[in-house]
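Some notes on the structure that comes next.
The values are calculated or read from the model by the stated rules, or taken from the named source; none is laboratory data. Nothing here was measured: the structure is a model prediction, and the numbers come from that model. Cβ placement follows ideal geometry from the backbone for every residue including glycine, while neighbour counts extend to all protein chains displayed.
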Amino acid sequence: MTKMFIQKQNYSKLYVSLHKTVIKMKDIRNYCLKEHNTFKIDVLADRFISFDDSSEFIQFAQGNNALFNNKFLITGEGSNLLFTKDFNGTIIHPETKAIGVVRESSDYIYIKAEAGINWDDFVADTISRGGFGLENLSLIPGTVGASVVQNIGAYGAEAADFVDSVDYFCLSDFKVKTISKNDCDFAYRNSIFKNELKGKAIVLSVVYRLSKNAVCNTSYADIQNYFKAGEELNPSKIRKAVIDIRENKLPDHKKIGNAGSFFKNPIIEKQQFVELIKKCPDLRYYELPDDRYKLAAGWMIDQCNLKGYEHKGAAIHENQALVLINKSGKTTGDEVSELAEIVHAKVFQKYGVELEPEVIIL
Ligand SMILES: Cc1cc2nc3c(=O)[nH]c(=O)nc-3n(C[C@H](O)[C@H](O)[C@H](O)COP(=O)(O)OP(=O)(O)OC[C@H]3O[C@@H](n4cnc5c(N)ncnc54)[C@H](O)[C@@H]3O)c2cc1C
């Protein structure tokens, strides 16, 4: 997919100029989704609509609003999806790629990016513009649009720390609306777009507020250990460290189908934690500010001796217990889902803790 970074000071002008370009909106029946999900599951969608111009899509959607009375799904790069069957509905796939600085203050730069931009391209672009903060989120697969839906996070940072506002197309009244960060109900891998606005909003663009002053977030041990003691750091170095660490740790989804961490790290109440730690003193956990405890799901799966475990064409990655993979290259979503159930049952049996999928199972 080609990158189209357009640098303009005035974002509204950007829309005008884009509108004059050749418009490519696809509307295809019986479309294969294998290249649109990182698990590489071979399924069909009844209909696939992609667009690279938000204005054109809005016009189309306003004239075809009955489309949204039937089953539909918005997809980015499909890096958090598991299709267990053909999708009997319409896939809406933004491929919009405009980006621009919309505002600046003495301390911050506000960068607006359209939903279809690849997340890591966006991170690289923000650093090159002197906007800092997203470097810890380098190399997370997916799109800018999904970054706010999922509230992506890694290495001590999450999207919510930097979001200013989100423009979305509201499927209740077919108007474009802006929602500010405070109204997005961001939480761990969660947002209003997964709850109140689920199925009611297509994220069109996000404004990220980034610091002009480089503050390097080395809160994660992996990042601290990467550098020599006393080494002078900057955001580009942090980005490189995160990329190196991730490349060493996680399977490349372009080579072996997967969707990153399959399960969320479960959060339990203090009472359950106190009982559990008595039985399992070596439990890996983080204490949360609200007196609850987040447990390391990958560690628990590993303790169940499941690394490398295979189920039909699916498997648990040999080095990363939290990552389920399409080992045969031909596995089905059902096989991966069955494997997830096996993992869930074993962890529950050993720890009495329910694992909840982070991946959306369809
Ligand atoms: C190897 C690997 C590593 C990963 N590491 C991390 C990690 O470190 N941290 C992390 O948080 N995640 C991680 N993930 C998960 C994934 O990258 C994120 O969830 C990402 O945000 C998904 O982006 P996507 O564009 O692929 O969205 P999709 O998977 O296509 O969609 C995800 C959800 O967002 C919705 N959605 C997508 N675009 C829009 C839109 N424009 N408007 C409204 N809804 C939309 C979809 O309907 C769906 O509900 C990883 C995945 C992989 C494969």
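Listed here are the residues, each with its yes/no results for (1) farther than 21 Å from ASP42 by Cα; (2) within 16 Å of the ligand (Cβ to nearest atom); (3) without any contact (Cβ under 8 Å) to a residue 12 or more places away in the chain; (4) part of a strand (DSSP E or B).
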residue: LEU306; (1), (2), (3), (4): yes, no, no, no
residue: GLU318; (1), (2), (3), (4): yes, yes, yes, no
residue: LYS330; (1), (2), (3), (4): no, no, no, no
residue: GLU338; (1), (2), (3), (4): no, no, no, no
residue: LYS350; (1), (2), (3), (4): yes, no, no, no
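When restricted to residues that are outside any strand (DSSP E or B) and either within 13 Å of the ligand (Cβ to nearest atom) or in contact (Cβ under 8 Å) with a residue 40 or more places away in the chain (or both), segment 149-195 contains 21. Only residues that are within 24 Å of the chain's Cα centre (by Cα) and either under 26 Å from SER261 (Cβ atoms) or hydroxyl-bearing (Ser, Thr, Tyr) (or both): list them for segment 96-107, please. Hit for segment 96-107 is THR96, nothing else. Residues that are basic (Lys, Arg), crowded, with 17+ Cβ neighbours inside 10 Å and not in a helix (DSSP H, G or I): does segment 262-278 have at least one? Yes.
Being within 11 Å of the ligand (Cβ to nearest atom) and touching a strand residue (DSSP E or B) at 6+ places or on another chain (Cβ under 6 Å) is the filter here; which residues of segment 130-139 pass it? Result: ASN136, LEU137. When segment 210-255 is limited to residues that are over 18 Å from PHE132 (Cβ atoms), in a helix (DSSP H, G or I) and hydrophobic (A, V, I, L, M, F, W, C), the one that is modelled with the highest pLDDT turns out to be ILE245. Taken over segment 247-263, the criterion of being under 22 Å from THR84 (Cβ atoms) and more than 10 Å from the ligand (Cβ to nearest atom) is satisfied by PHE263 alone.
Taking the criterion of being away from the ligand (no atom under 16 Å from the Cβ) and either free of Cβ contacts under 8 Å to residues at least 40 places away in the same chain or assigned by TED's automatic domain parsing to the domain that holds VAL336 (or both), the residues of segment 105-128 that qualify are SER105, SER128. Residues in segment 66-73: is at least one within 15 Å of the ligand (Cβ to nearest atom), touching a residue at least 40 places away in the same chain (Cβ under 8 Å) and either in contact with a helix residue (DSSP H, G or I) (Cβ under 8 Å, 6 or more places away or on another chain) or assigned by TED's automatic domain parsing to the domain that holds LEU171 (or both)? Yes; the residues of segment 66-73 include at least one that is within 15 Å of the ligand (Cβ to nearest atom), touching a residue at least 40 places away in the same chain (Cβ under 8 Å) and either in contact with a helix residue (DSSP H, G or I) (Cβ under 8 Å, 6 or more places away or on another chain) or assigned by TED's automatic domain parsing to the domain that holds LEU171 (or both).
Would a scan of segment 34-57 turn up a residue that is more than 15 Å from the ligand (Cβ to nearest atom) and without any contact (Cβ under 8 Å) to a residue 40 or more places away in the chain? Looking through segment 34-57, at least one residue is more than 15 Å from the ligand (Cβ to nearest atom) and without any contact (Cβ under 8 Å) to a residue 40 or more places away in the chain. Of the residues screened, ILE325 is not one that is touching a residue at least 60 places away in the same chain (Cβ under 8 Å) and away from the ligand (no atom under 16 Å from the Cβ).
Yes/no matrix, rows are residues, columns are (1) of a type outside the set (S, T, N, Q); (2) within 16 Å of the ligand (Cβ to nearest atom); (3) farther than 26 Å from LEU322 by Cβ:
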{"position": "SER205", "(1), (2), (3)": "no, yes, yes"}
{"position": "ASN234", "(1), (2), (3)": "no, no, yes"}
{"position": "GLU269", "(1), (2), (3)": "yes, no, no"}
{"position": "PHE273", "(1), (2), (3)": "yes, no, no"}
{"position": "LEU283", "(1), (2), (3)": "yes, no, no"}
{"position": "GLU287", "(1), (2), (3)": "yes, no, no"}
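I'd like to check something: does segment 334-345 contain any residue that is surrounded by fewer than 17 Cβ atoms within 10 Å (Cβ to Cβ), modelled with pLDDT of 95 or more, of a type in the set (A, V, I, L, M, F, W, C) and outside the structural domain of VAL149 (by TED's automatic domain parsing)? Yes, because at least one residue in segment 334-345 is surrounded by fewer than 17 Cβ atoms within 10 Å (Cβ to Cβ), modelled with pLDDT of 95 or more, of a type in the set (A, V, I, L, M, F, W, C) and outside the structural domain of VAL149 (by TED's automatic domain parsing). Checking LYS175, LYS181, LYS194, LYS200 one by one, the residue that is crowded, with 19+ Cβ neighbours inside 10 Å and charged (D, E, K, R) is LYS181 and no other. Residues in segment 284-304 that are surrounded by fewer than 18 Cβ atoms within 10 Å (Cβ to Cβ) and assigned to a loop (DSSP other than H, G, I, E, B): ARG284, LEU288, PRO289, ASP290, ASP291, ARG292, ALA296. Taking the criterion of being in contact with a strand residue (DSSP E or B) (Cβ under 9 Å, 6 or more places away or on another chain) and either assigned to a loop (DSSP other than H, G, I, E, B) or at pLDDT 95 or above (or both), the residues of segment 59-75 that qualify are ASN70, LYS71, PHE72, LEU73, ILE74, THR75.
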